[in-house]
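The values are calculated or read from the model by the stated rules, or taken from the named source; none is laboratory data. Just so it is clear, the structure is predicted and the values come from calculations on it, not from any experiment. Neighbour counts are summed over all protein chains in view; Cβ atoms, including those assigned to glycine, are modelled from backbone coordinates with ideal geometry.
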């Protein structure tokens, strides 16, 4: 408060000043209280944005500090939002502050933070969705291999080609995550899993099984028929009248079996190799 003297009075040779009381308002750097509404049913592992907060209740032109914990924020000074940051900066009357937070990669889980403007604060809370919400169309994965196939023990394996597409997003092949591998040195099943997620968070998963088999488990050669039972119980049969019965992709014959097959079925002379592979 300042004391101002607006007039003087002469009394007995003395000058007496008549004071006038005048109040000068101090600078206000304490903004109005604010509250940020919590977010629910949010997507997993993504930044989600809270509602904007307009700075009010402070003296025009005064700098008011802004800070966050476990979050980021952006400021609009009237020309649009700048980039998100977690570094403390100053704002002024009328500026708009918007916070965001990174959600966890777990369903039905809350993440919290704090937004502070001057001496006022508000909690930030975002909870991930509690169920799979399908929006639009789910992506489609195509793998150049059947869901179940067989490969010969000790052979060379090349992972099949694959594509992924989505009605809204188009080609998503580069976004496919492939897990698993095929070890042809060990007999048994192997699993390859293909997964992709579109912009609506619709996830598609496709799994194929590749069985590594020991090819010849049993071979029966008669005058008119050669029949081999291969891994997994599959059978291939080839008769002299040209009938071919196949329940497996590949048959490997030993040299003795080749010679017998050649002479009995008049298939001609094969080169002198240890084995021959018929791919049907």
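One table, with the values for the structure above:
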| quantity | calculated |
| --- | --- |
| Answer residue from region 56-76, given it is free of Cβ contacts under 8 Å to residues at least 40 places away in the same chain, in contact with a strand residue (DSSP E or B) (Cβ under 8 Å, 6 or more places away or on another chain) and surrounded by fewer than 17 Cβ atoms within 10 Å (Cβ to Cβ) and is nearest to residue 126 (Cα to Cα) among those | 76 |
| Tally, over region 158-198, of residues that are more than 18 Å from residue 142 (Cβ to Cβ), modelled with pLDDT under 90 and surrounded by 13 or more Cβ atoms within 10 Å (Cβ to Cβ) | 2 |
| Members of region 152-184 found to be free of Cβ contacts under 8 Å to residues at least 60 places away in the same chain, assigned to a strand (DSSP E or B) and touching a strand residue (DSSP E or B) at 6+ places or on another chain (Cβ under 9 Å), listed by number | 162, 163, 164, 165, 166, 171, 177, 178, 179 |
| Filter result for residue 97 (surrounded by 14 or more Cβ atoms within 10 Å (Cβ to Cβ), assigned to a strand (DSSP E or B) and touching a strand residue (DSSP E or B) at 6+ places or on another chain (Cβ under 8 Å)) | yes |
| Total residues in region 135-157, condition loosely packed, with under 11 Cβ neighbours inside 10 Å and either under 29 Å from residue 41 (Cβ atoms) or at pLDDT below 90 (or both) | 1 |
| Some residue of region 114-121 being free of Cβ contacts under 8 Å to residues at least 60 places away in the same chain, assigned to a loop (DSSP other than H, G, I, E, B) and in the same structural domain as residue 54 (by TED's automatic domain parsing) | no |
| Qualifying residue in region 135-151 (condition: in contact with a helix residue (DSSP H, G or I) (Cβ under 7 Å, 6 or more places away or on another chain) and in a strand (DSSP E or B)) | yes |
| Residues satisfying the stated conditions in region 22-55, i.e. within 17 Å of residue 99 (Cβ to Cβ) and loosely packed, with under 13 Cβ neighbours inside 10 Å | 33, 35, 37, 40, 51 |
